[in-house]
């Protein structure tokens with residue numbers, strides 16, 4: 001244990017007897033610690049009030065009557081059979097895309113062999129859309145010369161629309 005500090009080194013406690021009485025009264029009236037801190041002219045933080053309440057051993061206070069919370073079903077606001085279709089329609093409208101177009105996944109067969117690029121062959125204007133798994137045979141980039149990597153357009157128009165839902169700039 002440490003020896004107590006001499007009185008000239010101890011700072012006076014901001015918790016005066018009046019403030020402690022006011023704290024006890026507000027606590028008994030059911031105020032929250034944040035409200036008590038505010039009513040003490042913001043002399044204390046919420047955490048300071050919590051600490052003092054704990055050190056004083058205050059408990060059992062009046063609690064404002066609360067009505068029980070009703071469980072909310074967040075999905076009930078949107079009919080389940082239409083929610084996915086509505087999302088697709090709204091997303092398509094926001095991105096200026098025709099929602100009627102079915103999604104067609106790309107396959108490696110869609111890219112001509114002479115257009116395919118390895119990492120070392122890529123130049124600024126080559127599309128960087130990836131086909132295959134890195135490190136495995138058959139891995140390549142689209143390579144179509146419609147991109148502009150320096151101007152933040154990493155894909156050709158087809159792949160830009162597929163990845164972002166917008167056409168390239």
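Every number in this text was worked out from the coordinates using simple rules, so none of it is lab data. Just so we're clear, the structure is a prediction, and the values are computed from it rather than from any experiment. All Cβ positions, even for glycine, are placed from backbone atoms using ideal geometry, and neighbour counts span all protein chains on display.
Projected label points at residue 24 and residue 151, each 7 Å from Cα along the beta carbon direction, are separated by 7.6 nanometres. Ordering of 144-156, 113-125 by packing is 144-156, 113-125, highest average first (other Cβ atoms within 10 Å, averaged per residue).
Each Cα pair under 8 Å and six or more residues apart adds its separation to the average, and for the range 108-164 the resulting relative contact order is 32 percent. Using only the Cα atoms of the range 17-56, build the gyration tensor, take square roots of its eigenvalues as a ≥ b ≥ c, and label the shape rounded, prolate or oblate: rounded if a/c is under 1.5, else prolate if a/b is larger than b/c, else oblate. It is rounded, given that a/c, with a ≥ b ≥ c, falls under 1.5.
Site pair residue 3 and residue 32 shows an inter-label distance of 4.7 nm when each label is modelled 7 Å from Cα along Cα→Cβ.
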